[in-house]
Amino acid sequence: MNARTVYLDHAATTPMASAAIEAMTAELALVGNASSLHASGRRARRVLEESRERIAAALGSRPGEVVFTSGGTEADNLALKGAYWARRGQDPARTRILASTVEHHAVLDPLHWLESTEGAQVELVACDATGLIDLAAMKEAIERDPASVALISVMWANNEVGTLQPVAEIAAIAAEYGIPVHSDAVQAVGSVPVDFATSGVDALSLTGHKLGGPVGAGALVVRRELELTALVHGGGQERDVRSGTHATAAIVGFAAAVELAVKEQEAYATRVGALRDQLVEQVLAVVPNSHLNGPALAPLGRHRLPNNAQIAFPGCEGDSLLMLLDAAGVECSTGAACSAGVPQASHVLLAMGQSDEQARSSLRFSLGHTTTAEDVDRLVAAIGPAVERGRAAGLQR
């Protein structure tokens, strides 16, 4: 990323924080397998467990509830497959898994796999036009036959339109029937308050590179009471549910990033939220017929992530508009980075009731800790001409 580039794709990945770089760099210069018994191994184990304690303190959990993974996708897979296998092993009648229609593919794809190969019955609960899950429909799905539900998975915050889901309310309903709840909180930690203990969820996924840490380090925070079947077998390093030599340096950087992001969450949300509101107001003013997807902006932090702005530009193809902005030095996305280049409309926008054409016309601008007012000004200056060219190209087809 050169000095002239405006980076507005922090939901895909965000630059590492200085504190995380410093912590990780210092550890990279040292040697030691955290499972070894000699002095170097014991030193590595100490910093590993200190990192676990720092993450637990930041998220309101116990250190023993933090299971290190390679990132959010592995954490989601461990929660979904591990809980499903364990719960069905205890009671073969527990075959149903409930989730929302707007989950990330790191949740939807494992659920599809469980359905096609492991006999799971996956039920995706609908959402409204803002991407908010239908709480009444979720309650009905639970109460229809609670004894058959193995688990529930509902994301804390949507990665495309930023909608904050009623996770605590769903967890409270599920708790009445002893049903565990998992939440993919990859986009939420550091942007909005996330407290594992008070949320009522039984498992929570997060990753380092969405909040100023390194790629390749994440965690599943999971209650001791929730039994999981391991996906990866070997040395059993993480509670016997996740094996593999610890990436100690990455974990140290991850812990530093989590601690900093949570500490600065309120100030971050206020600053970035103000920039986001400025971005939306000015883009909508300079581009006729454009509109915001998802929840309304105000009040800050109540229904939507503070750094998210997904805007539709009718008459444009999102992919084409993205490339026009890229040529102007402004980087954004059409949705989840893992789906970039896939020639199909966003499943999130389709689930929100948009047509295929409408869903293809949107861009996601996601801000982060390096975003400045100048970045917003650069986007506003570039977006008008880009949309004009994009709409003109559409008319020529």
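What the table shows:
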read-out: Rounded FRET efficiency, nearest 0.05, which uses the C-beta distance separating Ala168 from Gln90 and R0 of 25 Å; value: 0.45
read-out: Placed amide H near Val125: partners under 5 Å, 5+ positions off or other chain; value: Ala99, Ser100, Thr101
read-out: Projected label distance in nm at Ala197 and Ala296, using a 7 Å step from Cα toward the beta-carbon; value: 3.6 nm
read-out: Inter-probe distance in nm under a simple model that places probes 7 Å from Cα toward Cβ, at Arg389 and His112; value: 3.4 nm
read-out: Centre separation in Å (Cα based) which lies between the range 173-231 and the range 273-329; value: 28 Å
read-out: Relative packing of peptides 256-264, 47-55 - highest average C-beta neighbours within 10 Å first; value: 256-264, 47-55
read-out: Helix-derived mean residue ellipticity, 222 nm - over the chain, DSSP H n ≥ 4, -39500 (n - 2.57), to 500; value: -13500 deg cm²/dmol
read-out: Cβ-derived FRET efficiency at R0 56 Å, Arg4 paired with Asp128, nearest 0.05; value: 0.90
read-out: Derived scalar couplings ³J(HN,Hα) [the range 150-164; Karplus, 6.51 cos²θ - 1.76 cosθ + 1.60; whole Hz; x for Gly, Pro]; value: 7, 6, 10, 10, 9, 5, 5, 8, 6, 6, 9, 10, x, 5, 8
read-out: Accessible area expressed per residue, the range 25-96, with surrounding protein chains retained (probe 1.4 Å, Å²); value: 44 Å²
read-out: Label point distance in nm, Ala285-Val31, each placed 7 Å from Cα along Cα→Cβ; value: 6.1 nm
read-out: Rounded accessible area of Lys139 (nearest 10 Å², 1.4 Å probe); value: 90 Å²
read-out: Accessible surface of the chain, 1.4 Å probe, proportion on carbon and sulfur as whole %; value: 54 percent
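The values are calculated or read from the model by the stated rules, or taken from the named source; none is laboratory data. As the structure is a computational prediction, the values presented were derived from the model and not from experiment. Every residue, glycine as well, gets a Cβ built from its backbone with ideal geometry; the counts of neighbours run over all protein chains shown. These area figures cover heavy atoms from the full protein model, side chains too; ligands, DNA and RNA do not enter into them. Shrake-Rupley method; radii C 1.70, N 1.55, O 1.52, S 1.80 Å.
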